[in-house]
Amino acid sequence: MRICDTCSKPMTEGYCCGDGEEYFCSDECLYVDGYTPEQKEIDYEDGVIYWTAWEEETGSIPITADIISMCTDLINTYDERDKAYSEDDYARATEIEYDQRDLAFNIATYILENK
């Protein structure tokens, strides 16, 4: 499974940059930090970026009742934890912690939607 480097959503299709160094699920996620459609055209012509779809990977982890239960619990508690954080808590937390939590939430959502 590939994960978008901008929004952390699981991907079955999207942009691949370099030799899989970065992945982006959409133009919206690709055009960040000053990256432009003009630069994308140059990179596309140079073979640096391309759009593709990936087949489901073999040997993936089977989705068991335990995994579904854990994903459901994660999603159900996700909003409750957000409500419990104050603005000071957000200010003290690192960006990486929230990125990891968002990634876990997005993967859990993907698993439940595609079981």
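Packing, as the average of other Cβ atoms within 10 Å across residues, places the peptides 34-43, 104-113 in the order 104-113, 34-43, highest first.
Here the stretch 2-53 was treated as a single set of alpha-carbon atoms; its pair distances binned every 5 Å from 0 give 5, 23, 33, 27, 10, 1 percent.
Just so you know, all these numbers are worked out from the coordinates, no wet-lab data involved. All figures in this text were calculated on a predicted structure; none of them were measured in a lab. Note: ideal-geometry Cβ built from the backbone for every residue, glycine included; neighbour counts use all protein chains shown.
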